[in-house]
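The values are calculated or read from the model by the stated rules, or taken from the named source; none is laboratory data. Everything quoted here is computed from the prediction, not taken from an experiment. Methodologically, a virtual Cβ is constructed for each residue, glycine included, from the backbone with ideal geometry; neighbour enumeration extends over all protein chains shown.
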Amino acid sequence: MKKHVFKIGDHVFYPGAGVGTIETEEDIFLGDAWQPCFIIRICDNPLTIKMPKMSIERTGIRPLLSCNKLRDLFKVLAGKTGERTGSNWTEHYKDLERKINSGSCMQLGEVVRDLMRLKKRNGLSFEEARLLETAISYLSREISMIEGITPETALDRIRDQVATGV
């Protein structure tokens, strides 16, 4: 996998927080030395993250999807529902949470697809509904940034893709 070089103004995906923009750089004293850090402002959230540049790859921060990867994401959303992993509910929940926090847009797509279809068939537990809300928020924000559309329009595109695979 190619290492990406980030710069001020780049839109990025931050696992566990969603889409953000690298606003500036500053040096921060960490441990016993000054470290160059990116200041990332998360969209639709008052959260600002100071991320040491040397930790970027380890944290899973990635650029937004390319057009080709976006097409792959739509294939995942329209694809077959995945088999439930784990023999019990706790394992299933942890697997969904791990996928959401992985930073992988394809894994986010799997979570959204599977939970949207489960919701339609059986309904969701409170915890599953919360995970779906988080995952769909991350995906719709990323798609809206890539395509220059509103998050609501992106959400409609997600719903349409999930519905085509039923």
- Item | Criterion (among the polar types (S, T, N, Q) and over 20 Å from the mean Cα position of the chain (by Cα)) met by exactly one of T134, T81, T90, T21 | T90
- Out of all the residues in segment 44-51, is one or more on the phi > 0 side of the Ramachandran plot and outside the structural domain of R141 (by TED's automatic domain parsing)? yes
- Message: Pull out all pairs, ordered by first then second residue, where Cβ-Cβ is under 8 Å, the residues are six or more apart or on different chains, the first lies in segment 20-41 and is among the aromatic types (F, W, Y), and the second is part of a strand (DSSP E or B).
- Response: F29/Q35; W34/D27; W34/I28; F38/I22; F38/T24; F38/E25; F38/K50; F38/M51
- Task: Starting from residues that are outside any helix (DSSP H, G or I) and among the small types (G, A, S), keep the ones in segment 118-145 and report whichever is farthest from D156 (Cα to Cα).
- Result: S125
- Task: Tell me which residues, restricted to segment 15-40, are surrounded by fewer than 17 Cβ atoms within 10 Å (Cβ to Cβ), more than 23 Å from M106 (Cα to Cα) and not small (G, A, S).
- Result: E23, T24, E25, E26, D27, I28, F29, L30, D32, W34, Q35, P36
- Note on the structure: R58 vs (1) closer than 26 Å to A154 by Cβ; (2) free of Cβ contacts under 8 Å to residues at least 24 places away in the same chain: all pass except (1)
- Item | Residue satisfying all of: in segment 129-166; of a type in the set (S, T, N, Q), farther than 20 Å from A17 by Cα and touching a residue at least 12 places away in the same chain (Cβ under 8 Å); surrounded by the most Cβ atoms within 10 Å (Cβ to Cβ) among these | Q161
- Filter segment 34-78 down to residues that are not charged (D, E, K, R) and not in a helix (DSSP H, G or I), then give me how many there are. 22
